[in-house]
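A quick write-up on the structure given underneath.
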Amino acid sequence: MIEIVTEVDLFHPPARIWRALTERALLAKWFADSAPGSDRWILATAALPGYDGDTEVETVELRAPDRLVVRCREAGRATRLACDLTPTAHGTRLSVREVLEEGDWDADARAEQHEQAVTGRLPAILDWLAFQNVDLRRAEGGLTAELPVVRLLGDDQRRPGPRRVLLAAGAVTLIAAAAGATVWATAGEPPAPAAPTPTTSLVMPSSTTAPSVRPTTARPTPSASRRSASPSPTPSPTPSRTPSPRASTVVAAPLSATYETVTDRVFGYRGEVVLRNPGPAQRPAWTVTVTLHDGATVGSVSGAEATQDGPVVTFTGSALPGGESATIRFDVRDPDPSHNAPAACTTENTPCTPA
């Protein structure tokens, strides 16, 4: 039996750590997104280093806020993962134990995954949650008593044996926020799609009118003799007018749009809107409106021009030919880690649909 044990001392109460372990929105920020279920759910681990596919998770024991035990199946292997939370004088000790029950794995690589998750990404979420309880207007005392300066345990204080025992210091809230912003700012940007080639606007056909003809009236010719009356001449017929063709009107089909969150971060996300013109007629211009949550701001944008007024971001673009599409990508900074998508998305008052 192969067992990997990771322990970390966190300067946060057990209830806060329990939220980060069990709430889907918070779990997705520091580990992986999940599909909800009852006793079983799917963790989207296929894209994470060291995983060969998504992980099916079954709850074995759930005792809030002290113990969580799950059974995981991924790529032909089965493991049992237990998370135990023990209150300490300065916070909580989190112990993560994973036992291989079926299949094979690289134990060293798996242990490294544990360390990155519980000593790097998890503390960032916990620090943010702690920040919600800080009153920045306090005139006395420190910023918060929940995030003291931490002294790392020396090697002589680590537990003996093959188990890996780690210690993570809870970072000061402002440093954590700055680190999150740095990671967000240094993330690679996708290449901006080429702007569509400008084309001429739709030209409506003009009215065609047949040339007008002035009707002529035949006048009687005077008789050569008064005695013999000449018959009255027949008047020339008046030529009829050719009816003018009416101008035809082409009604543009309404645009449609889909939205997808392509990247999820601790303090923000990257969204993508695909705008489609299903009709044959070209649209000379278009507008997409995205409403963010309070306090969120839009960053870099590709595929459109963007302006923000409060939470409302307006994207505009040039001509969109019939049957073609335009892709807009934009980065959002959001101080609430539970948000991974805007509050609303519309084009021409029509809501965007999920991609």
- Task: Check Trp128 against each of (1) within 22 Å of Val70 (Cα to Cα); (2) open to solvent by 10 Å² or more (accessible area, probe 1.4 Å); (3) of a type outside the set (Val, Ile, Thr) and name the one condition it does not meet.
- Result: (1)
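For every residue, the table says whether it meets (1) of a type outside the set (A, V, I, L, M); (2) in contact with a Gly (Cβ under 8 Å, 6 or more places away or on another chain); (3) assigned to a loop (DSSP other than H, G, I, E, B).
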| position | (1), (2), (3) |
| --- | --- |
| Val5 | no, no, no |
| Arg16 | yes, no, no |
| Leu26 | no, no, no |
| Thr45 | yes, yes, yes |
| Gly50 | yes, no, yes |
| Arg80 | yes, no, no |
- Task: Just name the residue that is surrounded by the fewest Cβ atoms within 10 Å (Cβ to Cβ) out of those in the stretch 294-321 that are part of a loop (DSSP other than H, G, I, E, B) and free of Cβ contacts under 8 Å to residues at least 60 places away in the same chain.
- Result: Gly310
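For (1) charged (D, E, K, R); (2) touching a strand residue (DSSP E or B) at 6+ places or on another chain (Cβ under 9 Å); (3) surrounded by 16 or more Cβ atoms within 10 Å (Cβ to Cβ), each residue gets a yes or a no:
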position	(1), (2), (3)
Ile2	no, yes, no
His12	no, yes, yes
Ile17	no, yes, yes
Ala28	no, yes, yes
Leu43	no, yes, yes
Val57	no, yes, yes
Arg73	yes, yes, yes
- Those residues of the stretch 263-281 which are at pLDDT below 90 and not in a strand (DSSP E or B) amount to Val266, Phe267, Gly279
- Message: Restricting to the stretch 251-290, name every residue that is closer than 24 Å to Gly310 by Cβ, more than 20 Å from the chain's Cα centre (by Cα) and open to solvent by 50 Å² or more (accessible area, probe 1.4 Å).
- Response: Ala285
- Kindly provide the set of residues from the stretch 78-91 that are in contact with a Phe, Trp or Tyr (Cβ under 8 Å, 6 or more places away or on another chain) and either surrounded by fewer than 17 Cβ atoms within 10 Å (Cβ to Cβ) or at pLDDT 95 or above (or both), ordered by number. Leu85, His90
- Query: How many of the residues making up the stretch 322-346 are in a loop (DSSP other than H, G, I, E, B) and hydroxyl-bearing (Ser, Thr, Tyr)?
  - Reply: 1
- Message: Please go through (1) touching a residue at least 24 places away in the same chain (Cβ under 8 Å); (2) buried (at least 16 other Cβ atoms within 10 Å of the Cβ) for Gly103 and return the number of the only condition it doesn't satisfy.
- Response: (2)
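The values are calculated or read from the model by the stated rules, or taken from the named source; none is laboratory data. Everything quoted here is computed from the prediction, not taken from an experiment. In this analysis, Cβ positions are derived from the backbone assuming ideal geometry, glycine residues included, and neighbour counts consider all displayed protein chains. Each accessible area value is taken on the protein alone, full model and side chains, heavy atoms only, with ligands, DNA and RNA left out. Shrake-Rupley method; radii C 1.70, N 1.55, O 1.52, S 1.80 Å.
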